[in-house]
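Any read-out appearing in this document is the output of simple, stated calculations on the displayed coordinates, not a laboratory observation. Note that the coordinates shown come from a computational prediction; the quantities given were computed from them, not determined experimentally. We place every Cβ from the backbone using ideal geometry, glycine too, and count neighbours over all the protein chains shown.
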Ligand SMILES: [Zn+2]
């Protein structure tokens, strides 16, 4: 199982993939460390599906 989380840093707000039941994540974009539970967006069975969604979420932010 894979989870999508969103970086809580407002100027970043990037989505990223973590393994299910990960406790903390460090944002690869802004280096902020955050609690996964508090920033959980969605879950997926397949890593490819989760990756696709992360791509979609992040491309929406890019304008
Ligand atoms: Zn970030």
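Using label points projected 7 Å from each Cα along Cα→Cβ, tell me how many nm separate residue 42 and residue 1, to one decimal.
1.7 nm
What's the percent breakdown of Cα-Cα distances in the chain across 5 Å bins, shortest bin first?
With a bin width of 5 Å, the distribution comes to 4, 21, 31, 25, 15, 3, 0.
So for 4, 41, fewest C-beta neighbours within 10 Å to most, what's the order?
Neighbour counts put them in this order, fewest first: 41, 4.
Using 0.36 nm per residue of separation minus the Cα-Cα distance, give me the extension gain between residue 35 and residue 51 in nm, one decimal.
Once the chain is fully extended between residue 35 and residue 51, it gains 3.7 nm.
How far, in nm, would the chain grow between residue 17 and residue 59 when pulled straight, counting 0.36 nm per residue and subtracting the alpha carbon separation?
Here the answer is 13.6 nm.
In what sequence do 34, 40 fall when counting other Cβ within 10 Å, fewest first?
Exposure proxy ranking, most exposed first: 40, 34.
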